[in-house]
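K.L.:
Structure provided below as structure tokens; questions to follow.
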Amino acid sequence: MERPPTRVLVVDDEAQFRSLVTELLIDKGFDARAAADARAALDLVGDRSFSVAVLDLVMPVMGGMELAEKIKQVSPDTQVLILTGQGDMGSAIDGLRHGVFDYLQKADLDIPRLARAVSEAGERSRLTRENRELLTRLQETNRLLKALHDVAAGIAGEPHLDRVLDRLIAAARILCHASVGRVLLFGRTHGDDLVIESGAGEGVEAVRGARLHAEEGIAALAAAENQALVVPNPREHPRYSHRCDDLPAARPGMVCAPLRHGGVYGAVCVAGPEEGQFTVEDRDLLAILARQAAVGIDNALNHERSLNFFTHTSDILVSLLEHLDIFYPGHSRAVAALADMVTRRMGMSDDERRHVHYAALLHDIGKVLVDPAVLKAEKFTEEGRRAIQEHSSLGMELLKPISTWQDLLPLIHSHHERWDGKGYPRGLAGEEIPVGARVIAVADAFDAMTRSTPHGAHRAPEQGLTELQAFAGSQFDPKIVPLFVAEYRQRGHQITD
């Protein structure tokens with residue numbers, strides 16, 4: 001691409017000399033303009049379009065050196081040449097100190113010398129401007145890369161798929177300055193077709209479940225080729241699909257990047273640049289983000305699979321326990337619901353609450369290893385009571401081989417410990433008992449007291465709450481009991497077996 005001619009400003013108070021220099025520069029191919037004084041010169045350089053300023057050293061009101069300094073303040077990339085009839089070295093040194101590019105004497109000035117000096121000054125101006133723009137772009141790229149790193153780290157550590165996808169879309173739009181965005185996760189059919197299994201962003205609900213034929217969809221193309229794409233006019237692309245790629249925006253343009261890691265196969269797309277068009281830099285930034293996000297999506301999917309395993313396996317074990325422990329149908333699920341009620345009031349994190357919930361659900365699972373005759377007895381013998389007291393340790397041993405349940409084991413093992421240290425199996429006291437186990441102990445005791453069984457007097461809910469308060473500080477954590485009582489009185493009617 002041919003560069004436009006160098007723009008030159010000539011400033012001299014002598015009209016004849018000013019006109020002569022200007023015309024000579026125009027004849028040499030420069031885009032030259034003239035100004036008679038400093039005020040006119042500063043008005044002209046305000047738009048920063050002049051690469052070179054040729055200034056007379058001695059002018060009324062404001063001399064060339066002072067004007068050179070003011071021009072540099074207004075237009076830093078403009079290079080200054082000083083023309084003077086006074087050929088002393090002091091003036092030249094002073095000019096260099098003021099950022100003057102060159103110092104030429106009027107008496108010795110010839111056309112080739114002037115044209116060469118202006119050309120070299122114009123090249124210096126161009127390089128200075130390009131270096132400054134490059135530095136600006138580099139600083140912006142570093143800023144974006146830092147933001148990209150921070151976003152990617154947040155995505156990688158987010159266990160919930162919907163939040164991962166929402167954060168991905170938000171980050172993609174910000175990084176690419178796009179107005180809309182969408183992420184699509186594909187599943188394969190028995191043939192070459194794809195199914196949009198899930199996603200997030202604009203219009204996803206309308207396309208979820210849509211089947212894409214082979215060779216259909218720009219987003220599918222990015223995923224298939226594992227390559228990010230910049231598409232200036234998506235509707236004109238041969239792979240455009242209304243179901244897959246329709247992202248209405250005020251301005252045309254789309255960028256798509258593949259999401260591929262482990263079992264993840266999909267694409268993230270943004271459309272509608274806020275200004276101008278999408279660039280190669282937008283494509284590359286989105287590709288980096290997508291690579292990091294694919295790892296986060298895979299982690300979130302694995303986390304969801306673990307939760308499904310927790311849920312289904314826990315249901316199976318609880319159903320087995322209820323088949324054996326005939327006097328306590330619904331007890332395990334009720335204790336989990338009561339524990340949820342308290343952990344919400346305590347402000348625990350989602351992960352902490354989840355651990356307590358599943359530990360409460362499985363707190364009695366060790367009973368499946370107790371002699372069924374003991375469980376079905378209406379009255380416990382001393383031997384039977386000792387056998388029952390083994391269930392917390394048996395439950396821990398039963399679940400220990402399953403690595404995903406390691407965080408639950410201390411809670412299951414300790415749910416019969418007492419605040420005063422007189423519990424079992426280890427005689428832990430106070431803060432030695434895991435807080436989740438202390439929550440489960442209160443929930444377990446309350447449900448057992450208010451449930452009709454042959455093993456103790458049945459109490460109405462208010463009587464059960466009174467009993468908990470009576471043993472707060474001895475059997476139960478004195479801080480958890482008041483929370484349980486307050487929450488149950490407010491929300492207890494919402495809890496069903």
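The values are calculated or read from the model by the stated rules, or taken from the named source; none is laboratory data. Everything numeric here is computed off the predicted structure, so don't read it as measured data. In this analysis, Cβ positions are derived from the backbone assuming ideal geometry, glycine residues included, and neighbour counts consider all displayed protein chains. We work out accessible area using only protein heavy atoms, side chains counted, and drop any ligands, DNA or RNA first. Shrake-Rupley method; radii C 1.70, N 1.55, O 1.52, S 1.80 Å.
K.L.:
Of the conditions (1) part of a strand (DSSP E or B); (2) within 30 Å of M396 (Cα to Cα), V268 fails just one. Which one is it?
P.N.:
It is condition (2) that V268 fails.
K.L.:
In the stretch 35-57, what residues are farther than 19 Å from D77 by Cβ and touching a Leu at 6+ places or on another chain (Cβ under 8 Å)?
P.N.:
Within the stretch 35-57, A38, D56, L57 meet the criteria.
K.L.:
Next up: Check whether at least one residue in the stretch 451-461 is outside any loop (DSSP other than H, G, I, E, B) and not β-branched (V, I, T), and report yes or no.
P.N.:
Yes: the stretch 451-461 contains one or more residues that are outside any loop (DSSP other than H, G, I, E, B) and not β-branched (V, I, T).
K.L.:
Moving on. Which numbered condition trips up H413, out of (1) outside any helix (DSSP H, G or I); (2) open to solvent by less than 60 Å² (accessible area, probe 1.4 Å); (3) more than 18 Å from V481 (Cβ to Cβ)?
P.N.:
Just one mismatch for H413, condition (1).
K.L.:
Would you point out the residue of the stretch 166-182, among those that are within 14 Å of the chain's Cα centre (by Cα) and closer than 20 Å to G217 by Cα, that is least open to solvent (accessible area, probe 1.4 Å)?
P.N.:
Among them, the one singled out is A172.
K.L.:
Checking I82 against (1) open to solvent by 40 Å² or more (accessible area, probe 1.4 Å); (2) outside any helix (DSSP H, G or I), only one condition comes out false. Which one?
P.N.:
(1)
K.L.:
For residues that are open to solvent by less than 30 Å² (accessible area, probe 1.4 Å) and in contact (Cβ under 8 Å) with a residue 60 or more places away in the chain, scanning just the stretch 456-491, find the one that is farthest from G430 (Cα to Cα).
P.N.:
The qualifying residue farthest from G430 (Cα to Cα) is E487.
K.L.:
Next question. Whether any residue in the stretch 251-263 is in contact (Cβ under 8 Å) with a residue 60 or more places away in the chain, under 14 Å from H177 (Cβ atoms) and either of a type in the set (A, V, I, L, M) or assigned to a loop (DSSP other than H, G, I, E, B) (or both) is what I want to check.
P.N.:
Yes - at least one qualifying residue is present in the stretch 251-263.
K.L.:
Among the listed residues G421, G384, identify the single one that is surrounded by fewer than 20 Cβ atoms within 10 Å (Cβ to Cβ) and on the phi > 0 side of the Ramachandran plot.
P.N.:
Within the list G421, G384, the selection yields G421.
K.L.:
Got a number for residues in the stretch 31-54 being in contact (Cβ under 8 Å) with a residue 40 or more places away in the chain and under 15 Å from L83 (Cβ atoms)?
P.N.:
Residues that pass the stated criteria total 3.
K.L.:
What single numbered condition from (1) surrounded by 15 or more Cβ atoms within 10 Å (Cβ to Cβ); (2) more than 17 Å from K106 (Cβ to Cβ); (3) in contact with a strand residue (DSSP E or B) (Cβ under 9 Å, 6 or more places away or on another chain) fails to hold for M62?
P.N.:
So M62 meets the others, but not (3).
K.L.:
I need the full set of residues from the stretch 462-497 which are under 22 Å from H355 (Cβ atoms), part of a helix (DSSP H, G or I) and modelled with pLDDT of 90 or more, in order please.
P.N.:
Once the filter is applied, which keeps residues that are under 22 Å from H355 (Cβ atoms), part of a helix (DSSP H, G or I) and modelled with pLDDT of 90 or more, the stretch 462-497 yields I480, V481, L483, F484, E487, Y488.
K.L.:
OK, next. Find the residue count for the stretch 337-346, including only residues that are farther than 11 Å from G436 by Cα and open to solvent by less than 60 Å² (accessible area, probe 1.4 Å).
P.N.:
Residues in the stretch 337-346 being farther than 11 Å from G436 by Cα and open to solvent by less than 60 Å² (accessible area, probe 1.4 Å): 3 in total.
K.L.:
Tell me which helices (runs of 4 or more DSSP H) are completely within the stretch 6-77 and hold 1 or more residues being of a type in the set (S, T, N, Q) and out of contact with any Lys or Arg (no Cβ under 8 Å at 6 or more places or on another chain), or say none if there are none.
P.N.:
15-27, 64-74
K.L.:
I need every pair where a residue in the stretch 349-367 that is under 11 Å from A337 (Cα atoms) and of a type outside the set (V, I, T) has its Cβ under 7 Å from the Cβ of a residue that is modelled with pLDDT under 85 and part of a helix (DSSP H, G or I), sequence separation at least 6 or different chains.
P.N.:
Y358/F310; Y358/S314; L361/S314; L361/V318
K.L.:
As an exercise: evaluate A360 against (1) buried (at least 23 other Cβ atoms within 10 Å of the Cβ); (2) more than 33 Å from the chain's Cα centre (by Cα); (3) farther than 19 Å from R491 by Cα and give the number of the one condition it does not meet.
P.N.:
Unmet for A360, out of (1) buried (at least 23 other Cβ atoms within 10 Å of the Cβ); (2) more than 33 Å from the chain's Cα centre (by Cα); (3) farther than 19 Å from R491 by Cα: (3).
K.L.:
Taking the options L20, L44, name whichever one is open to solvent by 30 Å² or more (accessible area, probe 1.4 Å), among the aliphatic types (A, V, I, L, M) and in contact with a Phe, Trp or Tyr (Cβ under 9 Å, 6 or more places away or on another chain).
P.N.:
Within the list L20, L44, the selection yields L44.
K.L.:
Do the conditions hold for E275, that is, is it open to solvent by 70 Å² or more (accessible area, probe 1.4 Å), assigned to a helix (DSSP H, G or I) and touching a residue at least 40 places away in the same chain (Cβ under 8 Å)?
P.N.:
no
K.L.:
Next question. Please report, ordered by residue number, the helices (runs of 4 or more DSSP H) entirely within the stretch 325-406 with at least 3 residues that are touching a helix residue (DSSP H, G or I) at 6+ places or on another chain (Cβ under 6 Å).
P.N.:
331-346, 350-361, 372-375, 391-399
K.L.:
Do we find that R283 is open to solvent by 80 Å² or more (accessible area, probe 1.4 Å) and under 20 Å from D166 (Cα atoms) in this structure?
P.N.:
No; evaluated as a whole, the condition is false for this residue.
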